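Peer 1: I'd like to ask you about the structure that follows.
The values are calculated or read from the model by the stated rules, or taken from the named source; none is laboratory data. What you see is a predicted model, and the numbers here were worked out from it, not measured in a lab. Don't worry about glycine lacking a Cβ; one is built from the backbone with ideal geometry, like all the others, and counts go over all protein chains shown. The protein model used for the area step is the full one, side chains on, heavy atoms only, and it has no ligands, DNA or RNA in it. Shrake-Rupley method; radii C 1.70, N 1.55, O 1.52, S 1.80 Å.
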Amino acid sequence: MTGLAAGVLTSVLAACGGGASTGSGTGSHTTPKAGGQPGVTKVDVTLVDFRITLSKSTFTAGRYDFVANNNGHQVHALEIEGPGGEHRTRTLAPGESASLAVTLKPGTYEVYCPVDGHKDLGMETEITTVGGGASPSNSTNSGGGY
């Protein structure tokens, strides 16, 4: 019976991504960051009525996994727009979450909820990504030119 349970557990773990590789196959290895995947940093994003909170306030160029959690009572989504392009999650019902893989390049990014009118109600922030050495920042954007 113990052997059967161990076999089932091994199968479940393998199905959850235990052997998947997203690397280039060149044989080089990178150290996993907080996201669990090599070279990817996890950022928890809390979406509530009507504000966005990021678990990280400094960003350097690289790969990030933004995990958006809708803790509000309205539908929300997450969009990140800047030098690395535009990236968006699906619309999330209250209690739902989604992951958004983004490679950030140096520059300023607008992070906001693209659902009708939510950005104007304060669901926006701005992050600055640096290539290294400078002090990046995360501040609320009070509107105006992007």
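Peer 1: For region 63-96, which positions are open to solvent by 60 Å² or more (accessible area, probe 1.4 Å) and under 14 Å from residue 44 (Cβ atoms)?
Peer 2: 71
Peer 1: Taking region 74-133 on its own, how many of its residues are under 12 Å from the mean Cα position of the chain (by Cα), part of a strand (DSSP E or B) and among the polar types (S, T, N, Q)?
Peer 2: 3
Peer 1: Those residues that are in contact with a Gly (Cβ under 7 Å, 6 or more places away or on another chain), assigned to a strand (DSSP E or B) and of a type in the set (A, V, I, L, M, F, W, C), I need them from region 42-73; list them, please.
Peer 2: Residues satisfying the conditions are 47, 48.
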